[in-house]
Amino acid sequence: MGKRTSIAAGLTAVLLVAAPAALTAQDASTFSVDARGGVEIPVSDMADVADLGPTAGVSARYRVHPRVDLRIDGELGLLYGLEGDQPTPDTELWRALVGANVRILGAGSPVDISAHALGGLTSYNTEVFPQVVFDPGTGDPVGDFAETYPTVAGGLEVAYPVFSSMDLSGDLFLRGSWTMMFTDEDDTDIFGEIRDGIGGFDQGTTVPVTLGLKLGF
């Protein structure tokens, strides 16, 4: 992973110009997949141990009601380490989530606005610590951090149809998702050995903001 100054260069502008799709065709799609990318912003205690970085994700959705999709999500957030006299390591957040997507605005609206609620697991891994540290509980030397935690996520998605045919439709969407791991205070107390003023925390929260393309079949 590069430095945080590479984020702006790593995020590309996406511009898709096409005729809007008929909303009736969009509603008829029972199965869809999407891919997305953007930036992940650490907040609260996570902002004390990491800086924002790029994120990417994919989803598969199945419509069980005109307004409800069941969905499976896979995501990766790459948070850069903090710099300075007491640097922190870069972090990888691998997430596997399942849940539902509920459409707030349906047929007749020029955009599709939906809310999602998800739950699952996050594998929270860092690169090698910048210096040798010792576990505050056991006194053993520790080289990195690797734990898996239960996770919940919720947010909004705004989609706009960009093409449609008999068998395929495409939506461009903007998505924001408040994502929280239920971390362990004893586990995360190790970060206090790397950077002064950091204690163990029982919640690790980030906000991925992404732009993507959804294909409906």
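Within the stretch 86-145, the ratio Rg/Rh, alpha carbon atoms throughout and Rh by Kirkwood, equals 1.33. Across the chain, the relative contact order, built from alpha-carbon pairs under 8 Å that are at least six residues apart, equals 23 percent. Around the Cα centre of the stretch 43-150, unit charges on the Cβ atoms of Lys, Arg, Asp and Glu (plus for the first two, minus for the last two) sum to a dipole of about 1120 debye.
Put simply, the C-alpha atoms of the stretch 97-205 give a gyration tensor, and the ellipsoid matching it has half-axes of 42, 14, 11 Å, longest first.
Applied to the stretch 62-77, the Karplus parametrisation 6.51 cos²θ - 1.76 cosθ + 1.60 on θ = phi - 60° returns per-residue 3J(HN,Hα) values of 10, 7, 10, 7, x, 10, 10, 10, 7, 9, 10, 10, x, 9, 9, x Hz, with x for Gly and Pro. Altogether, the Stokes-Einstein calculation at 20 °C and 1.002 mPa s, with the Kirkwood radius of the chain over Cα pairs as Rh, returns a diffusion coefficient of 115 µm²/s. Contact order, relative form, for the stretch 91-204: 22 percent (alpha carbon pairs under 8 Å, 6 or more residues apart, mean separation divided by residue count). For the stretch 22-118, taking Cα atoms only, Rg and Dmax work out to 17.4, 58 Å respectively. The amide H of residue 90, built 1.01 Å from its N in the peptide plane, has 81, 127 as neighbours under 5 Å, considering only residues 5 or more places off or on other chains. In terms of its Cα atoms, the stretch 126-184 spans 63, 21, 18 Å along the principal axes, sorted from long to short. Using heavy atoms of the protein chains and a probe of 1.4 Å, the accessible area assigned to residue 113 is about 50 Å².
The values are calculated or read from the model by the stated rules, or taken from the named source; none is laboratory data. This structure is a prediction, so every number in the text was calculated from the model and none was measured. All Cβ positions, even for glycine, are placed from backbone atoms using ideal geometry, and neighbour counts span all protein chains on display. When the accessible area is computed, the model is the full protein with side chains, heavy atoms only, and any ligands, DNA or RNA have been set aside. Shrake-Rupley method; radii C 1.70, N 1.55, O 1.52, S 1.80 Å.
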